[in-house]
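S.K.: Encoded as structure tokens, here's the structure I'll be asking about.
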Amino acid sequence: STVAVPPASCDPTASLRPVGPLPPAGQMPAGTTMARVQARGRLIAGVDQNTYLMGFRNPFSGELEGFDVDMAREVARAILGDPAAIQFKVLTSEERIPALERGDVDIVVRTMTVTCDRWQKVNFSTVYYHAGQRVLVPSNSDVTGIDALGGKRVCATKGSSSLVNVANAPSGPIAVSVPNWTDCLVMLQQGQVDAISTDDTILAGFAAQDPYTKVVGPQFTAEPYGMAFRKPDEDFVRFVNALLERLRADGTWASIHRRWLGAPPAPPAAVYRD
């Protein structure tokens, strides 16, 4: 099969411009993707359950929590007036795009980096979080970053941009792929890999869970996160982009960031392609 080649002018962070103000919750325009969600009575969102602070299952309550989960709940609130009117489907990195293409989910909010290649298959919102790839190692390791991992085994998940970046690193690390990020942490703890490399948001969660690890080195990639949608659902993209404008302006984005990730920086500015 042939691979779609994105245009050289592609800016993956540029999304579809909102059209007019947000409709009131529970009053979605007839015939829209949002009206279909409203008629169902719940938003179906693809999320993670293995990334502490971003999308994880609380071991005490059994509930899914984290920055991405709260952002998905804001979409449900905007459509249905209730942040709890949401059904979560847990997806691995590799399952995100196929789940959208099959129509299993309405939206994916799962530490998903916007790329020109992915734009060929799905649509993205404007960027709602800026991350960057770094490295996690045992606290007694002398590794200082990706440049010091030549010939070393470095873990990342299947279907992630992190795995591609590890495989393409000039230092020549050995990329080891697994289904879930928690699999990487277990392998690091067992000495099966020398390091984990992915977005600093994910690594911060690992370091918080395991005090015998540390994050090292500078960011060596930019990883802008977008919410992902089916290709036909452009109306939903524009709706969510209008919502993100509001969440940036009214302090909701900052409040969610403060809850999970600490003192918030300025939220990512919206970039539009039309």
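S.K.: Binning at 5 angstrom from zero up to the longest distance, how are the C-alpha pair distances of segment 105-206 distributed in percent?
M.R.: Once binned at 5 Å, the Cα pair distances of segment 105-206 give 2, 12, 24, 24, 18, 10, 7, 3, 1.
S.K.: Another question, then. Label Leu22 and Gln219 with points 7 Å out from Cα along Cα→Cβ: what is the distance between them in nm?
M.R.: If labels sit at Leu22 and Gln219, their model points lie 2.6 nm apart.
S.K.: Right, here's the next one. For segment 43-201, what is the accessible area per residue in Å², given a 1.4 Å probe and the full set of protein chains? Mind dumping the intermediate values first?
M.R.: Details: 5820 Å² over 159 residues.
Ligands and nucleic acids excluded, the result is 37 Å² per residue.
S.K.: Which value at 222 nm does the chain reach when only helices count, each DSSP H run of 4 or more adding -39,500 (n - 2.57), with the total divided by all residues and rounded to the nearest 500 deg cm²/dmol? Before the final figure, lay out each step's value.
M.R.: Values: 9 runs with 85 residues, N = 274.
Calculated mean residue ellipticity at 222 nm is -9000 deg cm²/dmol.
S.K.: Per-residue HN-Hα couplings for segment 168-176, Karplus 6.51 cos²θ - 1.76 cosθ + 1.60 at θ = phi - 60°, whole Hz, x for Gly and Pro?
M.R.: Computed from phi, the couplings for segment 168-176 are 9, 4, x, 6, x, x, 9, 6, 10 Hz.
S.K.: Enumerate the amide H contacts of Ile86 below 5 Å, restricted to partners 5 or more residues apart or on another chain; note that Pro and chain-start residues carry no placed amide H.
M.R.: Amide H neighbours of Ile86, under 5 Å, 5+ apart: Leu43.
S.K.: So if I take the centroid of the Cα atoms in segment 196-255 and the same for segment 47-83, what is the distance between those two points in Å?
M.R.: Cα centroid of segment 196-255 versus Cα centroid of segment 47-83: 13 Å apart.
S.K.: Another question about this same structure. Write down the Kirkwood hydrodynamic radius of segment 17-76, to one decimal in angstroms, obtained as one divided by the mean of 1/r over all alpha carbon pairs. Intermediate results must be reported in sequence, preceding the final value.
M.R.: Values: mean 1/r = 0.0754 Å⁻¹.
One decimal place: 13.3 Å for the Kirkwood radius.
S.K.: Using a simple charge model, +1 on the beta-carbon of Lys and Arg, -1 on the beta-carbon of Asp and Glu, nothing else, what dipole does segment 127-274 show about its Cα centre, in debye to the nearest 20?
M.R.: Numbers: 13 positive and 14 negative charges, 21 e Å.
Value, rounded to 20: 100 debye.
S.K.: Mind checking the full-extension length gain between Gln209 and Ala249? Use 0.36 nm per residue of separation minus the Cα-Cα distance, one decimal, nm. Walk me through the intermediate numbers first.
M.R.: Details: separation 40, 0.36 × 40 = 14.40 nm, distance 3.24 nm.
Full extension from Gln209 to Ala249 adds 11.2 nm.
S.K.: In whole Hz, with x marking every Gly and Pro, tabulate ³J(HN,Hα) for segment 127-141 from phi via Karplus 6.51 cos²θ - 1.76 cosθ + 1.60, θ = phi - 60°.
M.R.: Residue by residue, segment 127-141 yields 5, 10, 7, 9, 10, x, 7, 9, 9, 10, 9, x, 5, 9, 7 Hz.
S.K.: Quick check on my link table: of Lys89/Lys121; Lys152/Lys231; Lys89/Lys152; Lys121/Lys152; Lys89/Lys214, which ones sit more than 28 Å apart, alpha carbon to alpha carbon? Can you show the working numbers first?
M.R.: Details: Lys89/Lys121 20 Å; Lys152/Lys231 39 Å; Lys89/Lys152 34 Å; Lys121/Lys152 33 Å; Lys89/Lys214 31 Å.
As for pairs spanning more than 28 Å Cα to Cα, those are Lys152/Lys231; Lys89/Lys152; Lys121/Lys152; Lys89/Lys214.
S.K.: So what's segment 185-225 giving for Rg/Rh, alpha carbon basis, Kirkwood Rh from the mean inverse pair distance? Before the final figure, lay out the partial values.
M.R.: Values: Rg = 10.8 Å, Rh = 11.1 Å.
In segment 185-225, Rg relative to Rh is 0.97.
S.K.: Now, a different point. Working from the pairwise distances between different alpha carbons, so that the mean of 1/r is found and then inverted, what is segment 164-256's Kirkwood radius in Å? Numbers along the way, then the final one.
M.R.: Numbers: mean 1/r = 0.0611 Å⁻¹.
Averaging 1/r across every pair of different Cα atoms and inverting gives 16.4 Å.
S.K.: What percent antiparallel are the DSSP beta bridges of the chain, to the nearest 5? Don't jump to the answer; show the numbers that get you there.
M.R.: Working: 20 of 35 bridges.
Antiparallel bridges: around 55 percent, rounded to the nearest 5.
S.K.: While we're looking at this one, here's another question. Quick one: what does P(r) look like for segment 4-157 with 5 Å bins over all Cα pairs, in whole %?
M.R.: Final binned percentages: 2, 8, 14, 16, 18, 16, 12, 7, 4, 2, 2, 0.
S.K.: OK, next. Past the 28 angstrom mark, what percentage of all C-alpha to C-alpha distances in the chain do you count? Could you put the intermediate results ahead of the total?
M.R.: Details: 12976 of 37401 pairs.
Roughly 35 percent, rounded to a whole number.
S.K.: I've got another one for you. Is the shape of segment 35-108 rounded, prolate or oblate, going by the alpha carbon gyration tensor and its root eigenvalues a ≥ b ≥ c, with a/c under 1.5 for rounded and a/b larger than b/c for prolate?
M.R.: Numbers: a/c = 2.20, a/b = 1.19, b/c = 1.85.
Here segment 35-108 falls in the oblate category.
The values are calculated or read from the model by the stated rules, or taken from the named source; none is laboratory data. Remember, predicted model here, so these are calculated numbers, not experimental data. Cβ sites come from the backbone with ideal geometry, for glycine too, and all protein chains shown count toward neighbours. In case anyone asks, the SASA skips ligands and DNA or RNA and just uses the protein heavy atoms, side chains included. Shrake-Rupley method; radii C 1.70, N 1.55, O 1.52, S 1.80 Å.
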